[in-house]
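K.L.:
Take this structure first; my questions come after.
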There are 2 protein chains.
Amino acid sequence: MSLNPHTASATRYVFWTLAVLCGLISIGLRAAEVTIWRELNPVNTVFVEMPEGLVVIELNPAFAPETVKQFKQLAEDRFYDGLSFYRVIDGFVAQGGDGSDLGGLSNIPLVDAEFEIDWNEEFNYIHVQSPDMFAPETGIIDGFAVARDPSRGKVWLTHCPGIVAMARNDSPDSSRTDFYIVIGQAPRYLDRNMNIFGRVVYGMDVVQRIKRGPTLGNGIIQDETESSRISKMQLLSEIPEEDRLKVYVVDTSKKGFKKLLEDRLNRKQKFFHNKPPKVLDVCQVPIAGRITK
Amino acid sequence: MSLNPHTASATRYVFWTLAVLCGLISIGLRAAEVTIWRELNPVNTVFVEMPEGLVVIELNPAFAPETVKQFKQLAEDRFYDGLSFYRVIDGFVAQGGDGSDLGGLSNIPLVDAEFEIDWNEEFNYIHVQSPDMFAPETGIIDGFAVARDPSRGKVWLTHCPGIVAMARNDSPDSSRTDFYIVIGQAPRYLDRNMNIFGRVVYGMDVVQRIKRGPTLGNGIIQDETESSRISKMQLLSEIPEEDRLKVYVVDTSKKGFKKLLEDRLNRKQKFFHNKPPKVLDVCQVPIAGRITK
């Protein structure tokens, strides 16, 4: 057995380059064929600047109007600037805010539960999976993974990685300033129990660099100087128009996205020696985002 | 609405400290009551040293004997020292090795498919969920999430976050040196298609800091100087006994772990305003690891 990892080095760059070029051409063709991008509305787009990098969140006022309203107000008030992610459990959540969720005094008002909403035939709803393990049905509405119970006529945002929701105490109506981003396998047991109000559309790699706390200490970082900190959080609409970056996400209401779902459901590549079961985990469907000048 | 994030600062530390203390006491009591730790066998424990930190992998020769044999030999040969994670897609996988998976020449032998094994009544098997969306049944054997098909008498390691598996080409028998770690929502459609041979038991936060590549370029990092690199990979058994750290994982065959599963299946806390459905995602069950001198 060769001990030399560099045996292949003379040829690997050629192969890599070819592989990447082919990949790009193929993706390019498919993109031209099928992918349509939707530009985010600046009033529902939040830029979170951190020393680790830029994180962009799309807010969802359709599902959590009061939570979004308060979060936007807090962002505009520069409330979050300088605050840290003080409770971070690897594989679970990164929680930031002023810590009032843990019992500190605060005069920021509480927000009532916004756990689910009435089904509406007007939604840009794309069906993903039925039955799902945690709900009768899952789908996607405007880039957000949702779960649905047709018998009750209800639909709710579901706890996929990258989702942004409010922390709370035992009372369902105790959301305030502290929010969390899901950074691990979807904790879907929290569905219909939290005010989910947004999702990270850009910079999840940055979120994954947020400093973790000790699992045995409930993820709480004791030494505040060690925690990852929000330098500045602002709405995209607050930035002068000429300085704004544009944010796009894949338009999940368009044919191209449906084709992507079908391809994932029916994997025809030779690679799959054992054909996967024809099911989709709504949290394992990538919905790309990008930013441009 | 208050604009001052520091209103609560006078009291928050007291509350945090109390919360953490109570958490620790409660966890301590529960730990004393129920959690039993299993020390890893040094011959199946791999220390991966990176500038980002230490990652510890437990190998699983019961499910992938030939893959483990070759990986151990490569580690002992210092094959991986200096190699990089050259293909890293956020939310999916971090892939490292010599890149021969992408077509470069290599004289390292290929390893045949080790996708599933025969069921054996002697396994330390803990049932988790039946039916699961991707398999008739899921469970845990010695800390590893597995899926099972009783009708075929087969069981296989399943693609949860932290799992370590071999990359391959279209041939099922083309595993070689390139391996990947799952860093996002479980890509379970890959189950029964890859040689899974280990899992990260310590340092997933470090794995999450591995430099990502561009999604549109299939995650391949073009500039090798930018990629995260393995400084040293060695078996714990290669380290002189007096210098070895000890690695422990929760013993999933013991009563304490069964209790944890039951508690997660039947969430009785007042917090859950809407009781979650009585199902468990086998990839969302935490199985703790720790290291000590």
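K.L.:
May I ask you to list pairs of residues, at least six apart or on different chains, whose Cβ atoms are under 6 Å apart, with the first in region A:275-293 being more than 19 Å from B:VAL182 (Cβ to Cβ) and the second being aliphatic (A, V, I, L, M) and open to solvent by 30 Å² or more (accessible area, probe 1.4 Å)?
P.N.:
Listed by first residue and then by second, the contacts come to A:LYS278/A:LEU265; A:ILE291/A:LEU245.
K.L.:
To continue, here is another question. Quick one: how many residues across region B:216-248 are over 24 Å from B:ARG290 (Cβ atoms), at pLDDT 95 or above and among the β-branched types (Val, Ile, Thr)?
P.N.:
2
K.L.:
Another question, if that's okay. Consider B:TYR189 carefully, then state whether it is out of contact with any Gly (no Cβ under 6 Å at 6 or more places or on another chain) and within 10 Å of chain A (Cβ to nearest Cβ). Please lay out each step first, then the result.
P.N.:
On the way: out of contact with any Gly (no Cβ under 6 Å at 6 or more places or on another chain): yes; within 10 Å of chain A (Cβ to nearest Cβ): yes.
Judged against the criteria, B:TYR189 is a match.
K.L.:
Determine whether region B:63-70 contains at least one residue that is more than 9 Å from chain A (Cβ to nearest Cβ), within 14 Å of B:SER227 (Cα to Cα) and hydrophobic (A, V, I, L, M, F, W, C). Write out each step before concluding.
P.N.:
So the first thing to find is which residues in region B:63-70 are more than 9 Å from chain A (Cβ to nearest Cβ), and the list is B:63-69.
Retained after the next criterion (residues that are within 14 Å of B:SER227 (Cα to Cα)): none.
No, there is no match, as no residue in region B:63-70 is more than 9 Å from chain A (Cβ to nearest Cβ), within 14 Å of B:SER227 (Cα to Cα) and hydrophobic (A, V, I, L, M, F, W, C).
K.L.:
Evaluate region B:84-102: report whether one residue or more is modelled with pLDDT under 95 and open to solvent by 10 Å² or more (accessible area, probe 1.4 Å).
P.N.:
Yes, there is a match, as at least one residue in region B:84-102 is modelled with pLDDT under 95 and open to solvent by 10 Å² or more (accessible area, probe 1.4 Å).
K.L.:
Tell me which residues, restricted to region A:195-210, are part of a helix (DSSP H, G or I) and crowded, with 24+ Cβ neighbours inside 10 Å. Working first, answer last.
P.N.:
Initial filter on region A:195-210 (part of a helix (DSSP H, G or I)): A:204-207.
Result: A:VAL207, single match.
K.L.:
Would it be correct to say that A:ARG290 is open to solvent by 20 Å² or more (accessible area, probe 1.4 Å) and part of a helix (DSSP H, G or I)? Quick ask: steps written out before the conclusion?
P.N.:
On the way: open to solvent by 20 Å² or more (accessible area, probe 1.4 Å): yes; part of a helix (DSSP H, G or I): no.
No, not satisfied.
K.L.:
Pairs under 6 Å by beta carbon, first residue aliphatic (A, V, I, L, M) in region B:257-270, partner surrounded by 13 or more Cβ atoms within 10 Å (Cβ to Cβ), six or more apart or different chains?
P.N.:
Filtered contacts from region B:257-270: B:LEU265/B:LEU280.
K.L.:
Let me ask something else about it. Of the numbered conditions (1) open to solvent by 30 Å² or more (accessible area, probe 1.4 Å); (2) more than 30 Å from B:GLU137 (Cβ to Cβ), B:ARG192 fails exactly one; give the number of that condition.
P.N.:
It fails just one condition, (2).
K.L.:
Additional query: Among the numbered criteria (1) touching a residue at least 24 places away in the same chain (Cβ under 8 Å); (2) closer than 29 Å to B:ASP251 by Cβ; (3) hydroxyl-bearing (Ser, Thr, Tyr), which single criterion is violated by B:SER130?
P.N.:
(1)
K.L.:
Still on this structure, please answer the following. Just to be sure I understand the filter: pairs with C-beta atoms under 9 Å, separated by 6 or more residues or on different chains, first member in region A:77-95 and closer than 18 Å to B:GLY91 by Cα and at the interface with chain B (Cβ under 7 Å from one of its Cβ atoms), second member in a loop (DSSP other than H, G, I, E, B) and modelled with pLDDT under 95. Which pairs pass?
P.N.:
That search, which allows pairs on different chains as well, returns A:GLY91/B:PRO286.
K.L.:
Just wondering, is there one or more residues in region B:211-227 that are away from chain A (no Cβ under 12 Å), part of a strand (DSSP E or B), touching a residue at least 60 places away in the same chain (Cβ under 8 Å) and touching a strand residue (DSSP E or B) at 6+ places or on another chain (Cβ under 8 Å)?
P.N.:
no
K.L.:
Can you pull out every residue in region A:252-280 that is facing chain B (nearest Cβ under 7 Å) and crowded, with 17+ Cβ neighbours inside 10 Å?
P.N.:
Quick first cut of region A:252-280, residues facing chain B (nearest Cβ under 7 Å) only: A:267, A:270-274, A:276-277, A:279.
Listed by number, the residues that qualify are A:PRO276, A:VAL279.
K.L.:
Hey, among the residues in region B:228-238 that are assigned to a loop (DSSP other than H, G, I, E, B) and small (Gly, Ala, Ser), which one's least open to solvent (accessible area, probe 1.4 Å)?
P.N.:
Of everything passing the filter in region B:228-238, B:SER228 is least open to solvent (accessible area, probe 1.4 Å).
K.L.:
Let me confirm something: among A:GLU224, A:GLU241, which residue is open to solvent by 70 Å² or more (accessible area, probe 1.4 Å) and not small (Gly, Ala, Ser)? Show your work before the answer.
P.N.:
Numbers: A:GLU224 fails: open to solvent by 70 Å² or more (accessible area, probe 1.4 Å).
Only one candidate qualifies: A:GLU241.
K.L.:
Can you tell me which of (1) of a type outside the set (Ser, Thr, Tyr); (2) without any contact (Cβ under 8 Å) to a residue 12 or more places away in the chain; (3) farther than 26 Å from A:PHE47 by Cα is the one A:GLU241 doesn't meet?
P.N.:
A:GLU241 satisfies every listed condition except (3).
The values are calculated or read from the model by the stated rules, or taken from the named source; none is laboratory data. Treat the numbers as computed from the prediction; the structure is a model and nothing was measured. For neighbour counting, all protein chains shown are included, and Cβ atoms are generated from backbone atoms with ideal geometry for every residue, glycine included. Calculation scope for accessible area: heavy atoms of the full protein, side chains included, ligands and nucleic acids excluded. Shrake-Rupley method; radii C 1.70, N 1.55, O 1.52, S 1.80 Å.
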